[in-house]
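S.K.: Let me give you the structure first, and then I'll get to my questions.
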Amino acid sequence: MAKDYYVTLGIGRDATADEIKREYRKLALLYHPDRNPGDASAEARFKEITEAYAVLSDPQKRQQYDQFGDNDFHQRYSNEDIFRGFNANDLFREFGFGGGGEDMFSHLFGGGGRGRGRHPAKGPDYSLKITVPFRIAITGGERRISFRADRGSEELNVRIPPGTETGQRLRVGGKGGLDPGGGKPGDLLLDVQVESDPLFSRDGNDLSLNVAVPFSGACLGTSIDVQTLDGSKRVKIRPGTADGSRIRLPGFGVPAHGRKKAGDLYAIISIAVPKHLTDEQKLLLEQLREAGL
């Protein structure tokens, strides 16, 4: 079940770094295992608030969490990633618990949270570049991939989160190299390249496409059908619309995902100039030119 780190710490999404630290300290003092020996529920609560603090106290991890939401964030960050650089000794010495932070975190998180010292034995991570179709990257879906690993050739279906963009890295836990010492396998890191689309261009959560409008419609106004991800939408063109004008269709861009709102769709107007004219059309255009148009 998805959780919300902000709710876990009892803070708002606009909380400052000082507010995050203050609320975590208050909860950590309340649920710390040293103050609740043998209390499994207190230990579980302490783990929850510490994980939340490890993410929200790190500006980069917090930005990723805010952007992708809990489910997609945890596809990108393993437990080890979350606690990398998180120094338990320094933190709890500051909070008045003295030493022993590393031992406690090793017990609670399986070795996470030890900003200095050795990490648990683990095999190497593998990296693989994959291409994802434009529509799957936007709406989410699955992509079948094949790769070579220590165990030989493998194939698997990888979940592509909605809103995936070129340059993002997806993590498949346990599909990396084997650890010679018998530790857990590394992870498979997938570097995403999103294929282009013949109709739409993308800028973050916004989409755009070119729409041809007849010269007469641009001058006098008209209505046209604009293609969207889910069909078409009738849009009015105001009289006097210029070439290159952008018409915004709110909410018709990339659908909402994680904590991101749906993007917008922009129809970029291109005045259509016919290459072949009938005699009647030529005559009418001559009359327009004589009239100064």
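The values are calculated or read from the model by the stated rules, or taken from the named source; none is laboratory data. Please read all numbers here as calculations on a predicted model, not as lab measurements. Neighbour counts are summed over all protein chains in view; Cβ atoms, including those assigned to glycine, are modelled from backbone coordinates with ideal geometry.
S.K.: Please enumerate the residues belonging to region 173-198 that are out of contact with any Phe, Trp or Tyr (no Cβ under 9 Å at 6 or more places or on another chain) and not in a loop (DSSP other than H, G, I, E, B).
M.R.: Residues satisfying the conditions are Lys184, Leu190, Asp191, Val192, Gln193.
S.K.: Looking at Gly141, Gly85, Gly113, Gly98 in this structure, which one is modelled with pLDDT of 80 or more and on the phi > 0 side of the Ramachandran plot?
M.R.: Answer to the selection: Gly141.
Quick grid of which residues meet (1) among the charged types (D, E, K, R); (2) under 17 Å from Ala272 (Cα atoms); (3) over 26 Å from the mean Cα position of the chain (by Cα):
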{"position": "Val158", "(1), (2), (3)": "no, no, no"}
{"position": "Leu178", "(1), (2), (3)": "no, no, yes"}
{"position": "Ser196", "(1), (2), (3)": "no, no, no"}
{"position": "Asp243", "(1), (2), (3)": "yes, yes, yes"}
{"position": "Gly251", "(1), (2), (3)": "no, no, no"}
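S.K.: Also, quick follow-up: Tell me, please, whether a residue that is closer than 16 Å to Leu207 by Cα and within 26 Å of the chain's Cα centre (by Cα) can be found in region 231-239.
M.R.: yes
S.K.: Separate question: Quick one: in region 160-176, of everything that is more than 21 Å from Asn79 (Cα to Cα) and free of Cβ contacts under 8 Å to residues at least 60 places away in the same chain, which residue is nearest to the chain's Cα centre (by Cα)?
M.R.: Only one residue tops the list, namely Thr164.
S.K.: Among the residues in region 137-159, are any outside the structural domain of Arg76 (by TED's automatic domain parsing), touching a Ser or Thr at 6+ places or on another chain (Cβ under 6 Å) and either of a type outside the set (Asp, Glu) or touching a residue at least 60 places away in the same chain (Cβ under 8 Å) (or both)?
M.R.: yes
S.K.: Checking the structure you have, find out if any residue of region 63-72 is without any contact (Cβ under 8 Å) to a residue 24 or more places away in the chain and of a type in the set (Gly, Ala, Ser).
M.R.: Scanning region 63-72, I find no residue that is without any contact (Cβ under 8 Å) to a residue 24 or more places away in the chain and of a type in the set (Gly, Ala, Ser), so the answer is no.
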